Amino acid sequence: MSSEQQIVFTKENLDTCLKEVAREYRKLTKGAMPAELILVGGAAVLAGYGFREMTTDVDALILAASSMKDAVNRVGDRLGLPNGWLNADFRRTDSYSPRLAEYSSYYKTFFNVLRVRTISAEYLIAMKLKAGRIYKKDLSDVLGILAAHEKQGRPIGMEQIRRAVENLYGDWSSLPERSAQFLTRIMQTPDLDALYQEIAANEREAGDILVDFEQKYPGVAHLSNTDDILKSLRERQHKHDEDLER
C-alpha cells in the first residue's frame with residue numbers, strides 16, 4: 001500500500017481496513033456512538049463471494065456520527081490509502097435507491113461499535129443490472145453471484161431478481177435495455193462459469209480501451225458517451241485488423 005496507483009482491496013485487506021476504521025471511530029466517540037456500514041458494489045461482492053479478486057474503492061451507505069469521516073481519513077493516512085477510499089458517492093448514481101438499507105444482511109461487527117452489513121444477493125444483482133456498465137465488472141458480477149448461489153444449491157430465479165428491481169427502482173422497465181437482454185440470455189445459459197470468463201474478458205478489454213482513450217483525450221469520456229466511444233474504437237480496430245489481413 002505504498003502508492004495510490006497500487007491500492008486494491010481484497011477480501012482479506014478489506015476486513016483489516018474496516019477493523020482499523022472501527023478502532024479509530026471507537027477512540028473518537030469513546031465507544032458511545034455505534035455505527036453501521038452497508039457495503040454495496042464491489043466491496044459487497046468481495047465480502048460475500050470468492051470469485052471477485054479485488055476492488056479499487058469501498059462503496060457503502062454510512063450510518064454513523066460525523067466522527068466517522070475523521071476515522072476513515074486517519075486510517076487512510078496511516079495505511080497509505082487514496083482519498084475517498086471508503087465513500088458513499090454511489091448515492092449520486094442511478095443504481096442508488098433510498099430503500100437499499102431494507103435489503104441488507106449481517107456481515108461482521110468490529111470492536112463492538114461498527115456493524116457491517118452487505119446488500120442481499122438479488123438486490124446486489126438488481127444494482128449491477130441498473131448500472132450495466134460494460135467496461136466495469138457489473139455484468140460479470142451478476143454472473144458470478146448467480147453461479148455461486150447455483151453451486152450452493154440456492155439458485156436465484158428470474159422472479160426474485162424482478163421483484164428486487166421493482167422494490168428498488170419501481171419498475172422493470174427502469175433497467176437499461178442491454179441489462180434486461182443480458183439477464184434473459186444468462187438465465188437460459190447452462191454454463192455460467194464459461195460465460196463469466198467470456199464477459200469478464202470483454203469487460204477487461206473495454207476498460208483497457210477506455211483507459212488508453214482517456215490518456216489520449218482527457219476528460220472526453222463520460223458516463224453518457226462511453227458506449228458510443230467503445231463501439232467506435234472497436235469498429236476502428238476491427239477495420240484495422242481486416243486491412244492487415246489483406
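The values are calculated or read from the model by the stated rules, or taken from the named source; none is laboratory data. If you're wondering where the values come from, they're calculated on a predicted model, not measured in any experiment. Here the Cβ positions follow ideal geometry from the backbone for every residue, glycine too, while neighbour counts run over all protein chains shown. Surface accessibility is based on the protein's heavy atoms, side chains included, excluding ligands, DNA and RNA. Shrake-Rupley method; radii C 1.70, N 1.55, O 1.52, S 1.80 Å.
Filter the chain for me: DSSP H helices, axial length by Cα at least 30 angstrom, mean Kyte-Doolittle hydropathy not below -0.5. List them by residue number. If you can, show how the numbers build up before the last one.
Values: long enough: 192-216 (36 Å, -0.42).
Helices passing the filter in the chain: 192-216.
Sequence neighbours fewer than 8 away in the same chain don't count; with that in mind, list the lysines whose C-alpha is under 30 Å from LYS216.
Those lysines meeting the cut-off are LYS128, LYS130, LYS136, LYS137, LYS231, LYS239.
Less than 12 Å Cβ to Cβ from GLY132, Lys/Arg counted +1 and Asp/Glu -1: what total charge do the surrounding residues give? Write down the numbers at each step before the final one.
Details: positive: LYS128, LYS130, ARG133, LYS136, LYS137, ARG178; negative: ASP94, ASP138, ASP141, GLU177, GLU203, ASP227.
Around GLY132, the charge tally is 0.
Relative contact order of the chain: what whole-number percent is it, with Cα pairs under 8 angstrom and at least 6 residues apart? Working shown, then result.
Numbers: 311 pairs, mean separation 41.8, N = 246.
After rounding, I find 17 percent.
For region 1-99, calculate the relative contact order in percent as a whole number, restricting contacts to Cα pairs under 8 Å that are 6 or more residues apart. Can you show the working numbers first?
Details: 122 pairs, mean separation 32.7, N = 99.
Relative contact order for region 1-99 comes out at 33 percent.
By how many nm would the segment from ALA88 to SER232 grow when fully extended, if each residue of separation counts as 0.36 nm and the alpha-carbon distance is taken off?
In short, 48.6 nm is gained.
Please name which of ALA71, THR189, ALA43 has its Cα lying farthest along the dipole of the chain towards the positive end, using unit charges on Cβ (Lys, Arg +1; Asp, Glu -1) and the Cα centre as origin.
Towards the positive end, the residue furthest out is ALA71.
Taking all protein chains in place and a 1.4 Å probe, what share, in percent, of the accessible surface of region 33-186 do carbon and sulfur account for?
On the way: 3160 of 6900 Å².
On region 33-186, the fraction of accessible area on carbon and sulfur atoms equals 46 percent.
Shape verdict for region 162-215, please, from the Cα gyration tensor: rounded (a/c under 1.5), prolate (a/b greater than b/c) or oblate. All intermediate terms of the calculation are to be shown ahead of the outcome.
On the way: a/c = 3.36, a/b = 1.41, b/c = 2.37.
Taking the square roots of the gyration eigenvalues as a ≥ b ≥ c, region 162-215 is oblate.
Give the residues of region 45-76 whose amide nitrogen is closer than 19 Å to a point set 7 Å from the Cα of GLU12 in the direction of its Cβ.
45-57
If the convex hull of the alpha-carbon atoms of the chain is projected onto planes in all directions, what is the mean projected area in square nanometres?
Details: hull surface 61.5 nm².
Orientation-averaged projected area of the Cα hull: 15.4 nm².
How many Å² of accessible area per residue for the chain, probe 1.4 Å? List each step's numbers first, then the result.
Details: 13270 Å² over 246 residues.
Each residue of the chain exposes 54 Å² on average to a 1.4 Å probe.
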